[in-house]
Amino acid sequence: MDKYTLPRGTQDFLPEDTRKLNYIESILVDAAHLFGFEEIRTPIFEHTPLFTRSVGESSDIVNKEMYTFLDRSNRSITLRPEGTAGVIRAFVENKLYAKSDYPLRLYYNGPVFRYERPQAGRYRQIQQFGYETIGIKSPYMDADIILLAVSSLYMLGIKNYKIVINSIGDKESRNKYKEALKEHFTTHLDTLCEDCKRRYEQNPLRILDCKIDSDKDIVKNAPKIKDYLTEESKEYLNAVISLLKMFEVNFEVDDNLVRGLDYYSDVVFEILSYTKDGKDYGAIGAGGRYDYLVEEIGGPSLPCVGFAFGVDRLRLIMEDYNVFDKLQGEFDCYVMPIGEESLTYAYQVTQYLRGNGLRCDLDFQLRSFRAQFKSAQKKNATFAIIIGSDEVKNQTVTLKNIQTKEQFTVSVNELIEKIDQYFQELVMRQYQENEHGCDCENCDCDHESDGDHECNCHHHHH
Ligand code: HAM
């Protein structure tokens with residue numbers, strides 16, 4: 001090989017990217033904490049049967065998309081294709097059910113791997129931020145998970161989305177439905193793709209989300225799950241729907257939503273979002289109830305509901321809506337030694353500032369004032385701290401505000417106080433602007449708005 005390149009479907013995250021990812025993830029962590037979740041971390045690889053059992057023999061993920069290999073002791077290992085199975089395995093294996101207060105609420109954030117055909121918004125290493133709640137079956141629990149998603153999206157600044165929701169019923173509903181589907185498809189098997197022929201035998205529900213066949217009339221005219229739901233499942237979905245309405249969630253019931261993982265039961269949902277010009281990267285998040293999985297993995301019978309965001313897609317949508325525009329690397333001070341005799345003292349000042357919690361860097365190369373000042377601006381520092389031979393002699397520094405160009409010479413002892421004072425004033429100013437400034441959604445200008453009218457920033461009020 002004469003060139004080393006990224007494996008297909010993977011990404012390098014450079015500082016300009018990690019800045020955005022850290023921003024997204026810190027907001028998602030805050031929202032998760034608001035809803036009482038705590039973090040769990042499980043391995044990135046597991047024994048293969050965990051996924052064949054839970055995600056399911058009939059799913060595309062297990063059939064075509066898993067990264068499975070034998071390790072050096074001939075164990076079959078799989079890079080996790082999703083997060084739920086590992087979390088539930090850890091819950092059962094660590095016997096958390098013996099000491100849990102239900103609902104147990106867990107969140108996780110990490111990569112999952114699927115051998116899918118890469119395209120815009122579709123990767124082979126995917127960052128999922130997911131949530132699982134264990135132990136409670138109540139429409140409030142399902143609604144709570146969806147409202148967690150809604151709150152998270154609000155905090156992220158994503159407004160353009162729609163939640164689609166459906167019920168795929170309990171076991172009884174689904175068994176009746178599967179029989180009806182088999183009957184429907186039995187005389188038309190030859191018109192379906194090869195995969196669907198297998199799906200027909202394994203789990204005819206999977207035919208409904210086949211990427212090849214789903215547009216065919218035979219699939220469109222298939223019986224609907226809603227006609228096979230037990231009274232209980234129907235009532236359950238309706239109860240969740242009433243709660244969503246109560247909180248004015250933007251949702252729609254979609255009869256065709258069945259979800260591609262086998263562990264689901266009753267309520268399932270997906271969150272769809274679009275770019276400004278209508279581009280669709282696929283769902284930005286999805287989940288549902290899974291009341292049988294804990295038991296199937298060897299634990300007690302405990303109902304669960306959860307969901308996961310695709311962080312990569314959240315980021316694409318946020319980029320499209322310019323949510324990151326104001327996000328910059330933040331840096332407090334750039335220390336500029338002028339002349340070789342200043343370097344040691346400048347380095348001492350740098351360490352002193354860092355010790356006081358200020359983010360600092362300095363120039364070791366003794367470049368010209370101009371070159372150093374350029375670096376300070378590039379790093380987006382608030383202050384340049386200039387140290388020449390006078391400053392060394394007097395044990396002072398020259399503090400220069402990079403934006404206002406204001407500068408004063410102060411002793412090292414006064415330095416921290418001066419900087420703190422500046423940041424406190426900045427916070428006060430921002431607070432006052434928020435209180436009295438333009439409240440138009442489109443901008444963050446400092447203009448005063450007069451009630452319902454436009455301020456002179458020329459943005460329209462909604
Ligand atoms: P999922 O629908 O397979 O559900 O994946 C969740 C989200 O991960 C998707 O909505 C999407 O945003 C993102 N995602 C999936 N595949 C890709 C891909 N190839 N490229 C980019 N993003 C992708 C689950 O994995 C369930 N474990 C969710 C869950 C948790 N259900 C209950 N608890």
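The values are calculated or read from the model by the stated rules, or taken from the named source; none is laboratory data. Note that the coordinates shown come from a computational prediction; the quantities given were computed from them, not determined experimentally. For neighbour counting, all protein chains shown are included, and Cβ atoms are generated from backbone atoms with ideal geometry for every residue, glycine included. Surface areas here come from the heavy atoms of the whole protein model, side chains and all, with no ligands, DNA or RNA. Shrake-Rupley method; radii C 1.70, N 1.55, O 1.52, S 1.80 Å.
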> Residues of segment 211-249 being more than 20 Å from Ser59 (Cα to Cα), at pLDDT below 95 and among the polar types (S, T, N, Q), which ones?
Replying inline: Asn221
> If Glu82 satisfies every condition in (1) under 19 Å from the mean Cα position of the chain (by Cα); (2) closer than 30 Å to Gly329 by Cβ; (3) in a loop (DSSP other than H, G, I, E, B) but one, which is the exception?
Replying inline: (2)
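Scan segment 327-355 for residues that are of a type in the set (Asp, Glu) and out of contact with any Phe, Trp or Tyr (no Cβ under 8 Å at 6 or more places or on another chain) and jot them down. If you could, list the steps in order and put the result at the bottom.
Of all residues in segment 327-355, those of a type in the set (Asp, Glu) come to 330, 332, 340-341.
Glu330, Glu340, Glu341, listed by residue number.
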> Just checking, which of Thr350, Thr409 is hydroxyl-bearing (Ser, Thr, Tyr), farther than 30 Å from Val268 by Cα and assigned to a helix (DSSP H, G or I)?
Replying inline: Thr350
>> Condition (residue is assigned to a helix (DSSP H, G or I), away from the ligand (no atom under 16 Å from the Cβ) and surrounded by 23 or more Cβ atoms within 10 Å (Cβ to Cβ)) applied to segment 307-328: is it met by at least one residue?
In response: no
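Take Lys171 and decide whether it is under 22 Å from Val305 (Cα atoms) and in contact (Cβ under 8 Å) with a residue 24 or more places away in the chain.
Yes: the conditions hold for Lys171.
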> Which ones in segment 32-55 are within 21 Å of the chain's Cα centre (by Cα) and open to solvent by 20 Å² or more (accessible area, probe 1.4 Å)?
Replying inline: His33, Leu34, Phe35, Gly36, Glu38, Glu39, Ile40, Arg41, Thr42, Pro43, Ile44, Phe45
>> Return the residues of segment 142-170 that are more than 30 Å from Leu79 (Cβ to Cβ) and open to solvent by 10 Å² or more (accessible area, probe 1.4 Å); say none if nothing qualifies.
In response: Asp144, Leu147, Val150, Ser151, Tyr154, Met155, Gly157, Lys159, Asn160, Lys162, Asp170
>> Contact list please: Cβ distance under 6 Å, first residue in segment 327-341 and in contact (Cβ under 8 Å) with a residue 24 or more places away in the chain and polar (S, T, N, Q), second residue open to solvent by 10 Å² or more (accessible area, probe 1.4 Å) and in a loop (DSSP other than H, G, I, E, B), pairs at least six apart or on different chains.
In response: Gln328/Asn380
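Identify, please: which residue in segment 273-303 is among the charged types (D, E, K, R) and in a loop (DSSP other than H, G, I, E, B) and is, among those, least open to solvent (accessible area, probe 1.4 Å)? Spell out the reasoning first.
To start, the set of residues in segment 273-303 that are among the charged types (D, E, K, R) comprises 276-277, 279-280, 289, 291, 295-296.
If we keep only those that are in a loop (DSSP other than H, G, I, E, B) too, we end up with 276-277, 279-280, 291.
Numbers: Lys276: 124, Asp277: 128, Lys279: 92, Asp280: 86, Asp291: 18 Å².
If we take residues in segment 273-303 being among the charged types (D, E, K, R) and in a loop (DSSP other than H, G, I, E, B), then Asp291 is least open to solvent (accessible area, probe 1.4 Å).
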> Could we say that Gly329 is more than 19 Å from Pro15 (Cβ to Cβ) and of a type in the set (Gly, Ala, Ser) here?
Replying inline: no
> What residue, among those in segment 17-31 that are in contact (Cβ under 8 Å) with a residue 60 or more places away in the chain and open to solvent by 50 Å² or more (accessible area, probe 1.4 Å), is nearest to Ala149 (Cα to Cα)?
Replying inline: Asp30
> Is it the case that Leu343 is surrounded by 22 or more Cβ atoms within 10 Å (Cβ to Cβ) and either in a helix (DSSP H, G or I) or within 16 Å of the ligand (Cβ to nearest atom) (or both)?
Replying inline: no
>> Can you find a residue that is in contact with a helix residue (DSSP H, G or I) (Cβ under 7 Å, 6 or more places away or on another chain), open to solvent by 40 Å² or more (accessible area, probe 1.4 Å) and within 13 Å of the ligand (Cβ to nearest atom) anywhere in segment 104-113?
In response: yes
>> For the structure I just gave you, tell me whether Val268 is under 25 Å from the mean Cα position of the chain (by Cα), among the aliphatic types (A, V, I, L, M) and in a loop (DSSP other than H, G, I, E, B).
In response: no
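Confirm whether Gly157 is near the ligand (Cβ under 9 Å from one of its atoms) and either small (Gly, Ala, Ser) or touching a helix residue (DSSP H, G or I) at 6+ places or on another chain (Cβ under 7 Å) (or both).
No.
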> Which residues, counting only those in segment 119-137, are more than 8 Å from the ligand (Cβ to nearest atom) and open to solvent by less than 30 Å² (accessible area, probe 1.4 Å)?
Replying inline: Phe129, Thr133, Ile134, Gly135
> Looking only at segment 295-306, which residues are closer than 15 Å to Leu261 by Cα and more than 12 Å from the ligand (Cβ to nearest atom)?
Replying inline: Glu296
>> Report every pair of residues separated by at least 6 positions or lying on different chains whose Cβ atoms are under 6 Å apart, first residue within segment 268-293 and closer than 15 Å to Thr133 by Cα, second assigned to a strand (DSSP E or B) and within 8 Å of the ligand (Cβ to nearest atom).
In response: Val268/Gly288; Ala286/Glu270; Gly287/Gly306; Gly287/Phe307; Arg289/Val305; Tyr290/Cys304
> Within segment 366-389, which residues are more than 20 Å from Ile419 (Cβ to Cβ) and modelled with pLDDT of 95 or more?
Replying inline: Arg367, Ser368, Phe369, Arg370, Ala371, Lys374, Ser389
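Considering each of Ile241, Ile218 in turn, give the residue that is more than 21 Å from Arg105 (Cα to Cα), without any contact (Cβ under 8 Å) to a residue 60 or more places away in the chain, aliphatic (A, V, I, L, M) and away from the ligand (no atom under 16 Å from the Cβ).
Being more than 21 Å from Arg105 (Cα to Cα), without any contact (Cβ under 8 Å) to a residue 60 or more places away in the chain, aliphatic (A, V, I, L, M) and away from the ligand (no atom under 16 Å from the Cβ) holds for just one of Ile241, Ile218, which is Ile218.
Would you confirm whether any residue within segment 148-168 is on the phi > 0 side of the Ramachandran plot, touching a residue at least 24 places away in the same chain (Cβ under 8 Å) and small (Gly, Ala, Ser)? Give the steps one after another, and end with the answer.
To start, the set of residues in segment 148-168 that are on the phi > 0 side of the Ramachandran plot comprises 157.
Applying the additional criterion that residues be touching a residue at least 24 places away in the same chain (Cβ under 8 Å) yields 157.
Now drop any that are not small (Gly, Ala, Ser), which leaves 157.
Scanning segment 148-168, I find at least one residue that is on the phi > 0 side of the Ramachandran plot, touching a residue at least 24 places away in the same chain (Cβ under 8 Å) and small (Gly, Ala, Ser), so the answer is yes.
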> Could you say whether any residue in segment 380-393 is assigned to a helix (DSSP H, G or I), touching a residue at least 24 places away in the same chain (Cβ under 8 Å) and open to solvent by less than 60 Å² (accessible area, probe 1.4 Å)?
Replying inline: yes
